[in-house]
Every structure is written in C-alpha cells, then in structure tokens.
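Sharing a structure here in structure tokens format.
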Amino acid sequence: MSQDNVLRKEFSKKDVQRVRNLVQGKTGDRTTEGIGYSKKDIFYKEGDIWEENGRKWTIKEGIKQNITKYDEIKKSVKIPLFCPNCSKQMKHKFDPSYYKIHKKCYDCFLKFATDLKRMGAWEVYEKNIHNSDLDIFIKDFKDFVKDQLTVSNESYVTEQGDIEKWVGGYDKERVLESLEKTVEYLENLKK
Ligand SMILES: [Zn+2]
C-alpha cells in the first residue's frame with residue numbers, strides 16, 4: 001500500500017467520524033464504534049455503482065451516496081439539435097443555455113424578448129421564468145436534503161471495503177430548521 005493510501009485509510013477511519021461527531025456535538029463518542037462486519041454484508045468500494053431498493057448508489061470519498069435522482073435531473077434537460085421554434089440548427093454558443101430556460105434558440109429568444117417588450121409584457125414573462133426556476137430549485141434542494149437525512153444513519157463503506165456505522169445521526173431537527181430557513185431565503189428571491 002502506498003503512503004498515500006495509508007494516509008487516506010487513516011483519514012476515512014478516524015477523522016471523518018471525528019468530524020461527524022463534532023458536527024453532531026458528540027465530541028465524547030468513541031470513533032471506532034461498529035467497525036468490522038460479518039461476511040453476509042456486501043462490500044462496495046470507492047466508485048462502485050449498485051442498485052438497492054430501486055435506487056442507484058455509489059461510494060464517493062468513502063461515503064455511500066444516492067445518485068439516481070441527480071443523474072436523472074441532469075439528463076432531463078436535453079438540448080435538441082434544432083430549435084423547436086424556427087427549426088434552425090442550434091449552433092450558437094448561447095443556444096444551449098437559452099434553450100434550457102426559454103425552450104428556443106438564442107436568435108428566437110432575442111426576437112421574442114423584443115416583441116414582448118414592445119407589448120409591455122416582458123416584465124411579466126421574466127418574473128415568471130425566474131420564479132419557476134426558483135420553484136424547481138427549491139424542490140430539488142428539499143429532495144436532496146431529505147435524501148441525505150435518510151442516508152445519515154446507514155452504514156458507511158470505506159475505500160477498503162470496510163463498513164462503519166455512524167455513531168448517532170444528524171441532528172435532524174437542526175437540519176430541517178436550516179432547510180426551512182434556506183427555502184424561506186429562496187422564496188424571498190422571487191420577484
Ligand atoms: Zn430558433
């Protein structure tokens with residue numbers, strides 16, 4: 001084992017747990033609780049991807065993480081080759097980002113915006129686009145935090161395939177409280 005791996009092993013086994021205990025305010029807890037598992041446990045190592053209860057999981061930096069949702073979200077905005085509005089090929093460098101928000105190419109967007117401004121409807125359009133982006137973000141963020149909360153008390157698999165159980169879990173109430181504050185902040189960004 002290289003020096004680097006030795007260091008990483010030390011880190012994953014002790015420091016991560018210690019940091020986690022600190023976060024949870026449990027500085028007195030033993031950090032080696034629960035290391036060592038029976039043969040029937042399935043071992044996964046860093047970078048492995050597997051399915052469990054209909055969801056995809058991986059181990060990233062020694063921590064078991066759910067990946068199904070975010071991969072699907074990333075894939076969900078596919079940029080078509082041609083603009084659905086003018087049928088021209090979308091090859092302008094701004095096309096992908098304008099398509100994601102406005103569902104048209106950059107050229108079409110500019111014309112559309114000019115028309116809306118002329119009609120005095122631009123402000124209403126812009127406000128709605130902005131708010132619906134925020135709504136999507138708020139929803140994703142809430143789901144993400146809830147996912148993290150369900151994972152928090154499960155086992156943790158190190159790079160070497162050892163499984164560790166966290167001592168205790170997150171302070172769920174504190175997490176939910178901060179989630180609420182964050183959502184409140186995001187809601188305030190709405191126009
Ligand atoms: Zn177009």
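The values are calculated or read from the model by the stated rules, or taken from the named source; none is laboratory data. On a predicted model such as this, the values are computed, not experimentally measured, just so you know. For neighbour counting, all protein chains shown are included, and Cβ atoms are generated from backbone atoms with ideal geometry for every residue, glycine included. Ligands, DNA and RNA are stripped out before the accessible areas are found, and what is left, the full protein with its side chains, is counted by its heavy atoms. Shrake-Rupley method; radii C 1.70, N 1.55, O 1.52, S 1.80 Å.
By the scheme Lys and Arg +1, Asp and Glu -1, what is the net charge of all other residues having a beta-carbon under 13 Å from that of residue 122?
Taking every Cβ under 13 Å from that of residue 122, the sum is +2.
Something else about it: How far apart, in nm, are two points set 7 Å out from the Cα along the Cα-to-Cβ line at residue 60 and at residue 145?
1.9 nm
Would you rank 119, 90 by solvent-accessible area, highest first, keeping every protein chain in place and using a 1.4 Å probe?
Final ranking, largest accessible area leading: 119, 90.
Residues with amide H under 5 Å of residue 88's amide H, sequence separation 5 or more or different chain, H placed in the peptide plane at 1.01 Å from N; which?
Answer set, sorted by chain and number: 83.
On to the next question. Given the whole protein assembly as supplied and a 1.4 Å probe, what does the accessible area of residue 58 come to in Å², nearest 10?
Counting only protein heavy atoms, the figure is 20 Å².
To the nearest 0.05, how large is the calculated FRET efficiency for residue 129 and residue 91 if R₀ is 35 Å and r is the Cβ-Cβ distance?
0.90
Any chance you could look up the accessible area of residue 173 with a 1.4 Å probe, heavy atoms only, rounded to 10 Å²?
150 Å²
Using the Karplus equation 6.51 cos²θ - 1.76 cosθ + 1.60 (θ = phi - 60°), what ³J(HN,Hα) coupling, rounded to whole Hz, does each residue of segment 126-137 give in order, writing x for Gly and Pro?
Ordered by residue, 3J(HN,Hα) equals 4, 4, 5, 4, 4, 5, 6, 4, 5, 4, 4, 5 Hz.
A further question on this structure: Given the Cα-Cα distance of residue 182 and residue 45 and 0.36 nm per residue of separation, how much length would full extension add, in nm?
46.0 nm
In terms of solvent-accessible area of protein heavy atoms at a 1.4 angstrom probe, what is the ranking of 174, 118, highest value first?
118, 174
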